[in-house]
1. Provide a single number: the residues in segment 55-71 that are within 19 Å of H9 (Cβ to Cβ) and in a loop (DSSP other than H, G, I, E, B).
2. Tell me which of these A118 doesn't satisfy, since it passes every other one: (1) under 30 Å from M17 (Cβ atoms); (2) among the small types (G, A, S); (3) not in a loop (DSSP other than H, G, I, E, B).
3. Can we say V150 is assigned to a helix (DSSP H, G or I) and closer than 21 Å to G109 by Cβ?
4. How many residues, within segment 195-204, are open to solvent by 90 Å² or more (accessible area, probe 1.4 Å) and in contact (Cβ under 8 Å) with a residue 60 or more places away in the chain?
5. Output the strands (runs of 3 or more DSSP E) that fall wholly within segment 72-112 and possess 1 or more residues being within 23 Å of K144 (Cβ to Cβ) and open to solvent by less than 30 Å² (accessible area, probe 1.4 Å), or say none.
6. Is it true that some residue in segment 205-219 is out of contact with any Lys or Arg (no Cβ under 9 Å at 6 or more places or on another chain), surrounded by 14 or more Cβ atoms within 10 Å (Cβ to Cβ), within 19 Å of D7 (Cβ to Cβ) and hydroxyl-bearing (S, T, Y)?
7. Taking D28, is it touching a Pro at 6+ places or on another chain (Cβ under 8 Å) and either at positive phi or surrounded by fewer than 18 Cβ atoms within 10 Å (Cβ to Cβ) (or both)?
8. Where the second residue is polar (S, T, N, Q) and open to solvent by 30 Å² or more (accessible area, probe 1.4 Å) and the first is assigned to a helix (DSSP H, G or I) and lies in segment 41-53, which pairs have Cβ atoms under 9 Å and are six or more apart or on separate chains?
Amino acid sequence: MVYITGDTHRDFERIYMFCDKLQTTKQDVMIILGDAGINYFGGDRDQEFKELLSQLPITLFCIHGNHEIRPGTIYTYKTKLWHGGFVFYEDAYPNILFPDDGETFDINGKKCLVIGGAYSVDKFYRLKNGYHWFADEQPSDAIKAKVEAVVKGHDIDVVLSHTCPIKYEPTEVFLPGIDQSTVDKTTEQWLGELESRMDYQLWYCGHYHINKRVDKMRFLFEDICEF
């Protein structure tokens, strides 16, 4: 079975409870739509956390968010093919996978395109208060070019992203203390241009901490659904 949920931000209690209730195995997959928080501090704290997660009876497939380190920049990660696309993994934790942005995966017979990353609206708060902020949180030009080539040359059934195309932004959950004119929305604008050129079945995203469906766009936070 394949399941999907939103941001966990290092809190996997609902995943533990879900796996226990359904008696999952590592043959099952849980897609996390960004900000899993597994690689956040770097070093021993993350390794200790991954030791715990490696005991989960499920395989984690974690889209890149904005509040976490890109695994491709961590020397312990390798790449391998998984369901037709490249993922980052560590030998010690084979059930914790991070898809490379712009890769496509055959999941339950559906061709799925992965597009991670977003802008942190709390960037300046984080910098001011000494919290981690990652300069490469948004898709680079190289990632965008890779994604655009995939969209142009392939049929895509499902998109798995962290943030959403700009016309679908759930403005009702915008933080009231954030001046939206200061928010970098280039990723959402780019996704909007992509979405207008695509014919797809479903688009899943996290980031906004809301459970909502509009047209073919589904936002997930704490809900866990069958994929």
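1. First, the residues of segment 55-71 that are within 19 Å of H9 (Cβ to Cβ): 56, 58, 60-71.
Then keep just the ones that are in a loop (DSSP other than H, G, I, E, B); that gives 56, 58, 63-70.
Going through segment 55-71 one residue at a time, the tally reaches 10.
2. (3)
3. Numbers: assigned to a helix (DSSP H, G or I): yes; closer than 21 Å to G109 by Cβ: yes.
Judged against the criteria, V150 is a match.
4. Of the residues in that region, 1 qualify.
5. Details: elements: 78-82, 85-90, 93-99, 104-107.
Where strands (runs of 3 or more DSSP E) fall fully within segment 72-112 and carry at least 1 residues being within 23 Å of K144 (Cβ to Cβ) and open to solvent by less than 30 Å² (accessible area, probe 1.4 Å), they are 85-90, 93-99, 104-107.
6. Among the residues of segment 205-219, at least one is out of contact with any Lys or Arg (no Cβ under 9 Å at 6 or more places or on another chain), surrounded by 14 or more Cβ atoms within 10 Å (Cβ to Cβ), within 19 Å of D7 (Cβ to Cβ) and hydroxyl-bearing (S, T, Y), which makes the answer yes.
7. Numbers: touching a Pro at 6+ places or on another chain (Cβ under 8 Å): yes; either at positive phi or surrounded by fewer than 18 Cβ atoms within 10 Å (Cβ to Cβ) (or both): yes.
So D28 fits the description; yes.
8. Q47/T76
The values are calculated or read from the model by the stated rules, or taken from the named source; none is laboratory data. Fair warning: this is a prediction, and the values are worked out from it, not measured in the lab. Methodologically, a virtual Cβ is constructed for each residue, glycine included, from the backbone with ideal geometry; neighbour enumeration extends over all protein chains shown. Accessible surface areas use protein heavy atoms only, side chains included; no ligands, DNA or RNA. Shrake-Rupley method; radii C 1.70, N 1.55, O 1.52, S 1.80 Å.
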